[in-house]
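K.L.:
Take this structure, written in structure tokens, and hold onto it; I'll ask about it next.
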Amino acid sequence: MQLIDGKLLSKQIKEEIARDVADMKADGQKTPHLAAVLIGANPASQFYVQSKVKSCKQVGFKSTLIERGAEATEAEVLQIVEDLNNDPDVDGFIVQLPLPKHIDELKVTLAIDPKKDVDGFHPVNVGRMSLGLPSYLPATPYGIIQMLERYKIETSGLHCVVVGRSNIVGTPMSILMSRKAKIGNATVTITHSRTRNLKDILLKADIIIAAIGIPNFVTADMVKKGTIIIDVGINRVEDATRKRGYRVVGDVDFENVAPKASFITPVPGGVGLMTVTSLLMNTLQAAKGEVYG
Ligand code: NAD
């Protein structure tokens, strides 16, 4: 079993980005600039946005955080989006989800200029990704692709089972794994809460990508020997032995599945760390005009 080390990879990728940024600056080009919009005080969202801003600093990006209270109106948020679309200094921006319930997330996503949509959530980018055209890939799937590529895992012809069909992980992951590309060319099965006989399907998998949100859902009896395991789940479980009263576990029962796996991502220290790194990669591509020219 080989551990896919998200901590190490994300550090390496950030160093590569930092070198690129230093070269761009030395060349007289403008500093890549990522803006983040945070509406309301959801602690998880605050944590994610802070780590995005911190990561920008680490690689030498300029970052702007625009914060409004949970009472912000939809019109105000749409105006912020419009301003960012029109700000020539901003290369890319994200609107941290979820938004307060009175704001239509789809409407906000649709208002973002696809050229600046470094989260890759706009239907134009999803469509471009589906057609194999240059696009910003959604951060978590992009991070997983990086992990597979940098660990030189050959995916061509393998049976990849994706568990979960969310718009941000499961669905784009299934598209990326089936496309004709270096990491891809897999035969993909996408499964979800209505799937019957999930265990039988998982036992036929060469690669399992678990994005469910249920702690330790994938157990050793569901996995054949030699399977490549990508665990996307980030779940808090109570743990009185920890100072904060909980610990974070994935969707895979790591302890018992790892001995059967050929490769496996840990939680924490796996996919989660790659997600922010992917956002930086998309922002760098935006600053260089690599996706839309
Ligand atoms: P979600 O919460 O939107 O949906 C869960 C998916 O799991 C659904 O598609 C559902 O059909 C499927 N599902 C639920 N029960 C199932 C069952 N019994 N059998 C098969 N499928 C079942 O999904 P999400 O937003 O992709 O999040 C999934 C997990 O990944 C969560 O733990 C989340 O915190 C984590 N996550 C991690 C990152 C990261 O950066 N590592 C990013 C996004 C999400």
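The values are calculated or read from the model by the stated rules, or taken from the named source; none is laboratory data. Because the structure is predicted, anything quoted here is derived from the model rather than measured. Using ideal geometry, Cβ is built from the backbone for each residue, glycine included, and neighbour counts are taken over all protein chains shown. To get the accessible areas, we keep the full protein, side chains included, count just its heavy atoms, and leave off ligands, DNA and RNA. Shrake-Rupley method; radii C 1.70, N 1.55, O 1.52, S 1.80 Å.
K.L.:
Tell me the residue from 153, 168, 145, 183 that is at pLDDT 95 or above, under 13 Å from the mean Cα position of the chain (by Cα) and within 20 Å of residue 2 (Cβ to Cβ), please.
P.N.:
Step by step, each of 153, 168, 145, 183 is checked, and only 145 is at pLDDT 95 or above, under 13 Å from the mean Cα position of the chain (by Cα) and within 20 Å of residue 2 (Cβ to Cβ).
Listed here are the residues, each with its yes/no results for (1) touching a Gly at 6+ places or on another chain (Cβ under 9 Å); (2) assigned to a loop (DSSP other than H, G, I, E, B); (3) over 18 Å from residue 146 (Cβ atoms); (4) open to solvent by 10 Å² or more (accessible area, probe 1.4 Å).
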| site | (1), (2), (3), (4) |
| --- | --- |
| 9 | yes, no, no, no |
| 16 | no, no, no, yes |
| 31 | yes, yes, yes, yes |
| 36 | no, no, yes, no |
| 41 | yes, yes, yes, yes |
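K.L.:
Take residue 227 and decide whether it is within 12 Å of the ligand (Cβ to nearest atom) and of a type in the set (Ser, Thr, Tyr).
P.N.:
No; evaluated as a whole, the condition is false for this residue.
K.L.:
Tally time: how many residues in segment 150-201 are outside any loop (DSSP other than H, G, I, E, B), away from the ligand (no atom under 11 Å from the Cβ) and basic (Lys, Arg)?
P.N.:
Qualifying residue count, segment 150-201: 1.
K.L.:
Can you name the residue in segment 59-99 that is of a type in the set (Asp, Glu) and part of a loop (DSSP other than H, G, I, E, B) and is also most open to solvent (accessible area, probe 1.4 Å) among such residues?
P.N.:
The residue in question is 71.
K.L.:
Is at least one residue of segment 237-245 of a type outside the set (Asp, Glu), open to solvent by less than 10 Å² (accessible area, probe 1.4 Å) and within 16 Å of the ligand (Cβ to nearest atom)? Full working, then the answer.
P.N.:
Initially, segment 237-245 is screened for residues of a type outside the set (Asp, Glu), giving 237, 240-245.
Then keep just the ones that are open to solvent by less than 10 Å² (accessible area, probe 1.4 Å); that gives none.
No, every residue in segment 237-245 fails to be of a type outside the set (Asp, Glu), open to solvent by less than 10 Å² (accessible area, probe 1.4 Å) and within 16 Å of the ligand (Cβ to nearest atom).
Residues are listed down the side, and each one gets a yes or a no for (1) in contact (Cβ under 8 Å) with a residue 24 or more places away in the chain; (2) of a type in the set (A, V, I, L, M, F, W, C); (3) open to solvent by 40 Å² or more (accessible area, probe 1.4 Å):
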| residue | (1), (2), (3) |
| --- | --- |
| 116 | yes, no, no |
| 120 | yes, no, no |
| 127 | no, no, no |
| 148 | yes, yes, no |
| 157 | yes, no, yes |
| 163 | yes, yes, no |
| 171 | no, no, yes |
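K.L.:
Give me a count of the residues in segment 251-274 that are within 14 Å of the ligand (Cβ to nearest atom), in contact with a strand residue (DSSP E or B) (Cβ under 6 Å, 6 or more places away or on another chain), outside any strand (DSSP E or B) and among the aliphatic types (A, V, I, L, M).
P.N.:
1
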